[in-house]
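K.L.:
The structure's right below; bear with me while I get my questions together.
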Amino acid sequence: MTRLRAPRIHLSTVSAFALCAVLFVIATLHASGFASGDNVRQLLVFASFVGFAALGQTLVVLSGGMDLSVPWLMAFGGIQLSHWATGGMPGGAAIALVVLVGALIGVVNGVGVAFLRIPPIIMTLAVGGLVQAYLLSLGLLDSSGKSPVPAAAVSAASDRLGPLPIVAWVWLVVAVAVGLLLSRSAAGRRIYAVGANEEVARLSGIDVARVRLAAYALSGAAAAFAGVILAGYVGNTYLDIGQPYLFASIAAVVVGGASILGGHGTYWGTVAGALTLTVLSAMLPLFHLSDAGLKVVYGVVILLGVWLSQSGGELLARVRRRATISPEPPHSPEVTTSAP
Amino acid sequence: MRLLKVAGLRKSYGAVDVLRGVGLEARGGEIHGLLGENGAGKSTLMKILSGVTRADAGSVTLDGEPLTLGRPTASTAAGVRTVFQELSTLPQLTVAENLLYGAEPTALLGHVRGRRLRDQARELLARFGLERIDVDRRLGTLALGDRQLLEVVKALRETPRVLILDEATSALSAEDSAWVLGQGRRAAEAGAVVLLITHRLAEVRAHAERVTVLRGGDDVLAVPTAEADDDELIAAMLGRRVERLYPRRGGAPAGPLLRVSDLSVGDRVGPLDLTLHEGEVLGIGGLQGQGQRELLMALGGAVPWSGSARLRDAPYAGTSPKRAIADGVTLVPEDRQREGLLLADPVARNLTVGSLPRFTRPGGLIDAAREATAAAAQATQVGVAHDRLGSPVSALSGGNQQKVVLGKALLADPSVLLLHDCTRGVDVGTKAEIFTLIAELADRGVGIVLYSSDLSELANVCDRVLVMAEGRLVGEVPSGELSEEAILRLAVGSVPDRAEVAA
């Protein structure tokens, strides 16, 4: 029987995980404590922030777009949560509501991109700006520019369940779900199709606008949730809390092997990308580099990761393809059976 | 006399030999036809001549001198110009910028002199009798046919020593094809070696002095055109005889299936009325760009239209491709590469992408086994080998790609099938298969609307043909009177000597 699904494990995903493992080994050789249980748990928590911020980004990029409002939605997740919780709303309800409103903000992005045909970069930047303005208007930051976070978020970000932090479990479950969505569901097929060629998708009977809308909505929800757990971990929240995640969310997607132009990539790749970025930024300070040197190495390693997963994987794939699938035979046999 | 001589040319991709020592001799002053099925090696040979691809072995000489190949610039310097089947123009630039690309008039500081550029472009177009094309328009906004004509103008900017027309007429109406071939003739009269690659036998017959047939990477026949009849040429291409290209039909059209009244698309097309019957193959003819694309796209829900329509006994809205497909109306779009296929995806996924709801379980997950079975069955119906189901569709030949697009449309189980030039650039064997398929579908009661730029196809495959001009239906050729001439007469407003153009 023919295999319809793309290969279960993508080369680019493998290369991203491999890069992460190499970095991890280097760090451990340099400082043995790097591989300790506590440190690994810590890394997983940090990585989950990137993982959630990049979850929606993955879906949006696969569908051929880009979401630059992610950092502001993260800030929204933390600050709005704090606002509602200090207003007396139960923590769990507040978290659910924040994620829901995040999804609605994502829908605004989606409407602009899918129906008004505003380029995604512009639309999501603008919406990010509006969210920022709204957060400023809340004005509940204390004198240090921070606002407190309810206990539910704090415990979600710091408690353990068995060997792993709760957020790591949540991330794992979500990753499996998103993996299934992309590889096995009709919705996933539609996302890839829209990203690969919008017009082909449309003429094939796919509601392109709805797919876009859903991708941006999920991105909004995931970014808001990332903001909630990040705020819970830090213990308070502030306007710029999401800033590092604009770059990180996109870099994780691309290091994970997705095409920035859409149509190609996986969430497991993004997971590997998130882990790679996290390990990298945690290990670099161990090497006593200057600030400038640290940033240079960080940038170079990320570029290397992108190159590995984009071209390296492709190169390997080409070699493999040559070995397994031959090109069209010059005289295709099926033609000779024709004459009516 | 000028002589292009190709000898022992070999080329392999991986383990597959695409050219196995091809030879070819073509003389200056003549048009030399090159025939062969998709995959016979024609395109590879042309790519080698134009320097896009490097040969593994063999020689190419022009007037006894070896031709340096392997780089497009080298071929260009040697005077080889190619008009490709797939357009190589830049849609974002204007007509003028495209025509003079790489040869723009520049001022002292290296910037392009806009007015001069436009003047030169206008002169160039005038030289070819194409003054009607506005040099300031973005190329992407022109009809496909006009873009193809501009490719020819670009290639003939300077007089070439070798002119390659690589399926340059496959997308064109009879009139435009005649123009392109006329340009080929002019180049030949100026001494050029003209290679004409086409799937239209009639074109070779009418325009080429000599013909070479390729099959499986070898040259299998090289004769003066007058010395071989069509059957011989087809037999050489296929390695066997085709009984008939156009199949016999079993059933006859029954009751009305789709009734459309007052259909308009924008202010350029319509209003028009038409009725498609069950089991009918309804042809849409006319010169190119007379609103046929808009009509088919509108019926398929792909462009907004006004008017009313009934499908069987229910109103038909056709507001989106999604709704149209759900109602049983499926479009096979014009451009398989840009509108029909997800090129990087496997064949199987392309087959099923238009019918995902059929394979989706209640939870939203795809039933992979059912999908695979359906894809395999569909591949069988359209004649795509099962071992290709997993390969990217971009690795298939043009003919097989077209079969995948058809298979995708058929998997949605349409009661009305809209076919836009579905045999464009397809080899004769595949054409016969597609026509057989069309006949089978019609015999099962499917209503088919078929637009084709090939008159003989309309005359031989359809039950009747509606002819469009300037966005309206200008006439109908009923089944008893179907002929290429009758269709063309209506299309060009009955100018009798234009009929020769149809040949």
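The values are calculated or read from the model by the stated rules, or taken from the named source; none is laboratory data. Computed from a prediction, not measured in an experiment: that's the story for all the values here. Quick reminder, even Gly has a Cβ in these numbers, built from the backbone with ideal geometry, and neighbours come from all protein chains shown.
K.L.:
Show the residue pairs meeting these rules: Cβ distance below 8 Å; 6+ apart or different chains; first residue within region B:140-158 and in a helix (DSSP H, G or I); second residue of a type in the set (F, W, Y) and at pLDDT below 85.
P.N.:
As it stands, the answer is B:E151/B:F84; B:K154/B:Y101, since those pairs meet every condition given.
K.L.:
Do any residues in region B:373-389 that are at the interface with chain A (Cβ under 7 Å from one of its Cβ atoms) have Cβ atoms under 8 Å from those of residues that are assigned to a loop (DSSP other than H, G, I, E, B) and buried (at least 18 other Cβ atoms within 10 Å of the Cβ), where the two are at least six apart or on different chains, and which pairs are they?
P.N.:
Short answer, once both residue conditions are applied: B:A375/A:L4; B:A375/B:L389; B:A376/B:L389; B:G383/A:S338; B:V384/B:L396; B:A385/A:S332; B:L389/A:L4.
K.L.:
I want to confirm something. Restricting to region B:373-417 and keeping residues that are surrounded by fewer than 20 Cβ atoms within 10 Å (Cβ to Cβ) and of a type in the set (A, V, I, L, M, F, W, C), which single residue is farthest from the chain's Cα centre (by Cα)?
P.N.:
The extreme case among them is B:A374.
K.L.:
On to the next question. From the set of residues in region A:67-92 that are surrounded by fewer than 24 Cβ atoms within 10 Å (Cβ to Cβ) and part of a loop (DSSP other than H, G, I, E, B), which is nearest to the chain's Cα centre (by Cα)?
P.N.:
Restricting to residues being surrounded by fewer than 24 Cβ atoms within 10 Å (Cβ to Cβ) and part of a loop (DSSP other than H, G, I, E, B), the top hit is A:L68.
K.L.:
Out of curiosity, is A:V194 β-branched (V, I, T), facing chain B (nearest Cβ under 7 Å) and out of contact with any Pro (no Cβ under 7 Å at 6 or more places or on another chain)?
P.N.:
Spelling it out, it is not the case that A:V194 is β-branched (V, I, T), facing chain B (nearest Cβ under 7 Å) and out of contact with any Pro (no Cβ under 7 Å at 6 or more places or on another chain).
K.L.:
Now a separate question. Taking A:G51 as the residue in question, decide whether it is surrounded by 21 or more Cβ atoms within 10 Å (Cβ to Cβ), in contact (Cβ under 8 Å) with a residue 12 or more places away in the chain, small (G, A, S) and part of a loop (DSSP other than H, G, I, E, B).
P.N.:
Spelling it out, it is not the case that A:G51 is surrounded by 21 or more Cβ atoms within 10 Å (Cβ to Cβ), in contact (Cβ under 8 Å) with a residue 12 or more places away in the chain, small (G, A, S) and part of a loop (DSSP other than H, G, I, E, B).
K.L.:
Read through the list (1) closer than 20 Å to A:N236 by Cα; (2) part of a helix (DSSP H, G or I), then give the number of the only condition that A:I121 fails.
P.N.:
Looking at each condition in turn, A:I121 falls short on (1).
K.L.:
Additional query: Quick one: which residue in B:A26, B:A40, B:A55, B:A74 is exposed (fewer than 15 other Cβ atoms within 10 Å of the Cβ) and either aliphatic (A, V, I, L, M) or not in a strand (DSSP E or B) (or both)?
P.N.:
Details: B:A26 fails: exposed (fewer than 15 other Cβ atoms within 10 Å of the Cβ); B:A40 fails: exposed (fewer than 15 other Cβ atoms within 10 Å of the Cβ); B:A55 fails: exposed (fewer than 15 other Cβ atoms within 10 Å of the Cβ).
The conditions single out B:A74.
K.L.:
Okay, moving on. Identify the residue in region B:237-260 that is in a loop (DSSP other than H, G, I, E, B) and more than 14 Å from chain A (Cβ to nearest Cβ) and, among all such residues, is modelled with the highest pLDDT. Let's see the steps before the verdict.
P.N.:
Here is the first cut: in region B:237-260, the residues in a loop (DSSP other than H, G, I, E, B) are B:239-255.
Those still in the list that are more than 14 Å from chain A (Cβ to nearest Cβ) too: B:251-255.
Working: B:G251: 69, B:A252: 76, B:P253: 80, B:A254: 83, B:G255: 89.
Result: B:G255.
K.L.:
Now, a different point. Does A:V127 qualify as being away from chain B (no Cβ under 14 Å), more than 18 Å from A:L230 (Cβ to Cβ) and surrounded by 15 or more Cβ atoms within 10 Å (Cβ to Cβ)?
P.N.:
yes
K.L.:
Starting from region B:19-32, keep only residues that are β-branched (V, I, T), then list their pairs with residues that are part of a strand (DSSP E or B) whose Cβ atoms are within a distance under 6 Å, requiring at least 6 positions of separation or different chains.
P.N.:
Going by the 6 Å Cβ cut-off, the qualifying pairs are B:V22/B:L9; B:V22/B:D219; B:I31/B:V194; B:I31/B:L196.
K.L.:
Report whether or not A:S137 is in a helix (DSSP H, G or I), away from chain B (no Cβ under 14 Å) and touching a Gly at 6+ places or on another chain (Cβ under 9 Å).
P.N.:
Numbers: in a helix (DSSP H, G or I): yes; away from chain B (no Cβ under 14 Å): yes; touching a Gly at 6+ places or on another chain (Cβ under 9 Å): no.
When the stated conditions are applied, A:S137 does not pass them.
K.L.:
Also, quick follow-up: So, in region A:230-254, exactly how many residues are under 11 Å from the mean Cα position of the chain (by Cα) and of a type in the set (V, I, T)?
P.N.:
3
K.L.:
Here is a further query. Taking the condition of being free of Cβ contacts under 8 Å to residues at least 24 places away in the same chain and polar (S, T, N, Q), how many residues in region B:466-493 meet it?
P.N.:
Of the residues in that region, 1 qualify.
K.L.:
Evaluate region B:1-17: report whether one residue or more is touching a His at 6+ places or on another chain (Cβ under 7 Å), in contact (Cβ under 8 Å) with a residue 12 or more places away in the chain and either more than 12 Å from chain A (Cβ to nearest Cβ) or crowded, with 16+ Cβ neighbours inside 10 Å (or both).
P.N.:
The answer is no, given that none of the residues of region B:1-17 is touching a His at 6+ places or on another chain (Cβ under 7 Å), in contact (Cβ under 8 Å) with a residue 12 or more places away in the chain and either more than 12 Å from chain A (Cβ to nearest Cβ) or crowded, with 16+ Cβ neighbours inside 10 Å (or both).
So that you can scan it fast, the table gives a plain yes or no per residue for (1) of a type in the set (D, E, K, R); (2) surrounded by fewer than 23 Cβ atoms within 10 Å (Cβ to Cβ); (3) at pLDDT below 90; (4) in contact with a Pro (Cβ under 7 Å, 6 or more places away or on another chain):
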position: B:P333; (1), (2), (3), (4): no, no, no, no
position: B:N350; (1), (2), (3), (4): no, no, no, no
position: B:G363; (1), (2), (3), (4): no, yes, yes, no
position: B:A368; (1), (2), (3), (4): no, yes, no, no
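K.L.:
Something else: Might you let me know whether region B:261-277 holds any residue that is more than 14 Å from chain A (Cβ to nearest Cβ), without any contact (Cβ under 8 Å) to a residue 40 or more places away in the chain and of a type in the set (V, I, T)?
P.N.:
yes
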